[in-house]
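**Q** Mind looking over this structure? Questions follow.
The values are calculated or read from the model by the stated rules, or taken from the named source; none is laboratory data. Just so it is clear, the model here is predicted, and its values are computed rather than measured. Here the Cβ positions follow ideal geometry from the backbone for every residue, glycine too, while neighbour counts run over all protein chains shown. Only protein heavy atoms, including side chains, enter the accessible area calculation; ligands, DNA and RNA are left aside. Shrake-Rupley method; radii C 1.70, N 1.55, O 1.52, S 1.80 Å.
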Amino acid sequence: QPRWSAPGDAAITHLALGGGSPSSLLVATTAGVYGSFDEGEHWQQLFDGIGETARQGTWLAPHPAQLGTVFLGTRGGLFMSTDHGRQWLPQRTPAAAPDIIRIEADPEDPERLYLLTSKGLFLGRWKQGDWKQLLGAVNAQEETGLEVDNAAEDAETDALLDFHDLVLEPRTPSTLYVASSRGLQRSTDRGASWHRLSETGLDATSIRHAQFQPGKPPALYAAIAHQVARYDAERNRW
């Protein structure tokens, strides 16, 4: 049952429930954020951005512990709403992290936020605006063993490394997975150190999305262009 269509040439990039009663329905698009507060009967534009890049929404992340707080990732930075998505304010983020791909709050410390951007992974306390880079093109190169000509190291590494997805293990959120054009990397210490998983069994190295399923045993899935694979930890293969 159709409820809403993006205007003009705008494309929908993400969908989220922003809380409230009834819950706000928020839609990020390439032309701002739109929302409904009556289960999709009526819609309005809630965010238009500041500049062309900030208009391009990429991810909506309702805060897991603070009702009404929603984070918005855009191609031009991070924004936050404290009223279920009605109003948005820009947040301080690293200068090297304008292009946000994914946002995740740490379940064990809700003030701690992970930002996956086109330049890498950042961790910070969003209230203070203090951020630390956990993974970037250079240390991803070191983990993957990618050889790059020293004379053009930064430019070539950036061109070859493209970050795609971030996953936290639900029961042990200190364990993270980052999917990129160079495979899947795992950290068991909140990003202090990284290890690249085997690519055996995959028909391409670029992983677009990853999903962790708790259980006995737990399961880790990866999606690439034309394949979905499950990781076998005992055999270290997909």
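**Q** Residues of the range 51-91 being surrounded by fewer than 20 Cβ atoms within 10 Å (Cβ to Cβ), modelled with pLDDT under 90 and closer than 24 Å to Phe163 by Cβ, which ones?
**A** Gly51, Glu52, Thr53, Pro64
**Q** Also, quick follow-up: Under 8 Å by Cβ, and 6 or more places apart or on different chains, what pairs join a residue from the range 28-41 that is of a type in the set (Lys, Arg) with one that is buried (at least 18 other Cβ atoms within 10 Å of the Cβ) and not in a strand (DSSP E or B)?
**A** Short answer, once both residue conditions are applied: none.
Okay, residues lined up against (1) under 23 Å from Lys132 (Cβ atoms); (2) of a type in the set (Val, Ile, Thr); (3) open to solvent by 10 Å² or more (accessible area, probe 1.4 Å):
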| residue | (1), (2), (3) |
| --- | --- |
| Val167 | yes, yes, yes |
| Val178 | yes, yes, no |
| Thr188 | yes, yes, yes |
| Ala192 | yes, no, yes |
| Ser206 | no, no, yes |
| Pro218 | no, no, yes |
| Ala222 | no, no, no |
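**Q** Got a number for residues in the range 12-29 being under 24 Å from the mean Cα position of the chain (by Cα) and open to solvent by 50 Å² or more (accessible area, probe 1.4 Å)?
**A** The total comes to 4.
**Q** On to the next question. Checking Val228 against (1) hydrophobic (A, V, I, L, M, F, W, C); (2) open to solvent by 50 Å² or more (accessible area, probe 1.4 Å); (3) in contact (Cβ under 8 Å) with a residue 12 or more places away in the chain, only one condition comes out false. Which one?
**A** Against the list (1) hydrophobic (A, V, I, L, M, F, W, C); (2) open to solvent by 50 Å² or more (accessible area, probe 1.4 Å); (3) in contact (Cβ under 8 Å) with a residue 12 or more places away in the chain, Val228 comes up short only on (3).
**Q** Suppose we filter Ala95, Ala105 for residues that are among the aliphatic types (A, V, I, L, M) and within 12 Å of the chain's Cα centre (by Cα); which single one remains?
**A** On inspection, the qualifying residue turns out to be Ala105.
**Q** Next question. Scan the range 120-132 for residues that are in a loop (DSSP other than H, G, I, E, B) and over 20 Å from Ala28 (Cβ atoms) and jot them down.
**A** Step one: list which residues in the range 120-132 are in a loop (DSSP other than H, G, I, E, B), which gives 126-129.
Lys127, Gln128, Gly129, listed by residue number.
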